[in-house]
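Have a look at the structure below before the remarks.
The values are calculated or read from the model by the stated rules, or taken from the named source; none is laboratory data. These numbers come from a predicted model, not from an experiment. Virtual Cβ from ideal backbone geometry, glycine too; neighbours counted across all protein chains shown. Side chains are part of the model used for accessible areas, which takes the heavy atoms of the whole protein and leaves out ligands, DNA and RNA. Shrake-Rupley method; radii C 1.70, N 1.55, O 1.52, S 1.80 Å.
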Amino acid sequence: MRKSLRWLVSLSVLIGTVGSTGVATAADTETDRTTSVADSQSTDTQSTDTQSTDIKDRLLAIPGMSLIEEKPYAGYRFLVLNYEQPIDHRRPWAGTFQQRISVLHKDTDRPTVFRTSGYGLSTTPSRAEPTRIVDGNQISMEYRFFTPSRPAPADWSKLDIWQAASDQHRIFTALKKIYGKNWLSTGGSKGGMTATYYERFYPRDMDGVVAYVAPNDVVNNEDSAYDRFFANVGTQECRDRLNGMQREALVRREPLQKKYKEWAETEGATFNTVGTLDKAYEAVVLDFVWGFWQYYGEGVCDQIPDARTASDDTVYETIDAYSGWAAYTDQGLEYYTPYYYQAATQLGSPTIKQPHLAGLSRYGYQPARNFVPSSIPMRFQPQVMRDVDNWVRKNANQMLFVNGQNDPWSAEPFRLGKGARDSYVYTAPGANHGANVAGLADAERENATARILAWAGVPAPAVQAAQPLARFDARLDKAVDEDVTREHGVRP
């Protein structure tokens, strides 16, 4: 993962160094989770006697923790903090960076949910679904290398899933002394992937994992599952309407690119990373159908104009509404450089064929490498996702994966094998990339809710009731992570 060695050596480094740094390996999952929880609770009891009872004071007493701001919310304390992290967890003496986290504090006697979007950090109080279900505290982490949580200078080789999991482990270790009850990790999309990778490398930390719409691209160059998805999702009428609009945008490439160029000049948008305006234009158009199903769905298909009679302005505006012309400009890509770097080095990225665009597409679905500045070196490591997939199949313990029936990213899901224990993969009927436990079929929703409560260590009567412990709050309980949808584009 870190040096240009042959793949076999890389795999041994991936797994072997985990053991050498004190990280639990796959075999460690056989150890009862409750052992580490009991140890941590004992330590917490001994260490809190001399500490201030104010949560801000207790948090700021942690070495390396500093306050950015506090935004109280009714029933909670909400603090945004910086935590000093090693740039390289294998060489902690070789420099540090400031990583942002937030704490939505309810009570140290409540369970805690560790949430990440896999991207940046919102500084507005919000609550993930598991946090509401268990009525607990929530710790949120900005993923390393997303601004401002980026080392300077940026050594991009230190952006990998093990380093990010080690960030989480170190935060958990520091905060477990304060929040001694059970912990769950969660995240949606890339955040769900992040929660899964964290569990793979540190399976003793969490008491349960809830991963939403987390894609699992095991073999990067085999994406036929996505092609099958787009050939069957929704109704034929809706698919034809979407495909027709997408095709028309390429048929009218010349007049629509004129509009695009005028917009770019007005906005000061540039295309140095992707190379040309033409490449950016086509990338946005090819995202159109994906973006529609990821964030919208059959219910609004009748709002897509008939491409055969639509004006140039209508075609242009429709593509913009579902794909976003800004997505592949230098300015639109800059924030997402860490994601595209990871997609091009470890995570993989989808390639779909879209046969209805035959003869019109010049570039096809472009690889993630095209969306990272050429000055950043990278090499794809195919063994990394295979390792994670194999681990989940054989070792998943108290893990829940929630997918959306009509979400493109759910076409390549995580799957469980015979070695999995108390773990589940559920699909929400008709749901898109916002799929959640509340949208599952009745029996699955009740079981998922009950398991989340049990993993959080709440009393048996609440587990049996299988209902969220906290009431819905429209301001706190946002359906879509704002950090993920700042710009359109195909990203988990």
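What are the equivalent ellipsoid semi-axes of region 132-236, built from the alpha-carbon gyration tensor (square roots of five times its eigenvalues), in whole angstrom, biggest first?
Over the Cα atoms of region 132-236, the ellipsoid semi-axes are 29, 20, 12 Å.
Which label belongs to the value computed from this structure, given these candidates for Cα Rg over 2.2 N^0.38 Å: (1) 1.21; (2) 0.98; (3) 1.09?
After the calculation, the listed value that fits is (2).
Can you work out ³J(HN,Hα) from phi for every residue in region 205-211, in order, using Karplus 6.51 cos²θ - 1.76 cosθ + 1.60 and θ = phi - 60°, giving whole Hz and x for Gly and Pro?
Rounded to whole hertz, the list is 6, 8, 8, x, 10, 10, 10.
Which of the residue pairs 158/418; 418/478; 71/181; 56/181; 158/258 have a Cα-Cα distance greater than 29 Å in the structure shown?
Beyond 29 Å: 158/418; 418/478; 158/258.
Please state the shape class of region 380-492: rounded when a/c is under 1.5, otherwise prolate if a/b exceeds b/c and oblate if not, all from the C-alpha gyration tensor.
It is oblate, given that a/c is not under 1.5 and a/b is not larger than b/c.
Give the lysines reachable from residue 353 as a straight Cα distance under 19 Å; neighbours fewer than 8 places away on the same chain don't count.
In chain and number order, the partners are 279.
Over the residues of region 427-469, compute the C-alpha Rg and express it relative to 2.2 N^0.38 Å.
So region 427-469 has a normalised radius of gyration of 1.20.
Give me the number: length gained by fully extending residue 53 to residue 460, i.e. 0.36 nm times residue separation minus the C-alpha to C-alpha distance, one decimal in nm.
Stretched out fully, the residue 53 to residue 460 stretch lengthens by 143.6 nm.
Length gain on complete extension for the stretch residue 174 to residue 261, per 0.36 nm per residue less the alpha carbon to alpha carbon distance?
26.3 nm
Quick one: work out the % antiparallel among DSSP beta bridges in the chain, nearest 5.
Taking every DSSP beta bridge with both residues in the chain, the antiparallel ones total about 45 percent.
In degrees from 0 to 90, rounded to the nearest 10, what is the angle of the helix 7-20 Cα long axis to the longest principal axis of the chain?
It works out to around 30 degrees.
Consider just the alpha-carbon atoms of region 302-428 and return their Rg together with their Dmax, both in angstrom.
19.1, 56
Please report the relative contact order for the chain, taking Cα pairs under 8 Å with a sequence separation of at least 6, and give it as a percent rounded to a whole number.
Averaging sequence separation for qualifying contacts and normalising by length gives 18 percent for the chain.
What is the helix-to-structure angle for 33-47, meaning the angle in degrees between its Cα long axis and the longest Cα principal axis of the chain, kept from 0 to 90 and rounded to the nearest 10?
Computed tilt is about 60 degrees.
Per residue and in cubic angstrom, what volume does the convex hull of the Cα atoms of region 233-276 have?
Here the figure is 106 Å³ per residue.
Take each of the peptides 70-79, 424-433, 131-140, 99-108, average the number of other beta-carbon atoms within 10 Å over its residues, and list them starting from the highest.
The densest-packed peptide leads the list: 131-140, 99-108, 424-433, 70-79.
On full extension of the chain, what length is gained from residue 61 through residue 152, given 0.36 nm per residue of separation minus the C-alpha to C-alpha distance? Mind dumping the intermediate values first?
Values: separation 91, 0.36 × 91 = 32.76 nm, distance 2.58 nm.
Computed gain between residue 61 and residue 152 is 30.2 nm.
Against the longest alpha carbon principal axis of the chain, how many degrees, from 0 to 90 and to the nearest 10, is the axis of helix 383-395 turned?
50
With every protein chain in place, what's the accessible area of residue 300 (1.4 Å probe, Å², nearest 10)?
40
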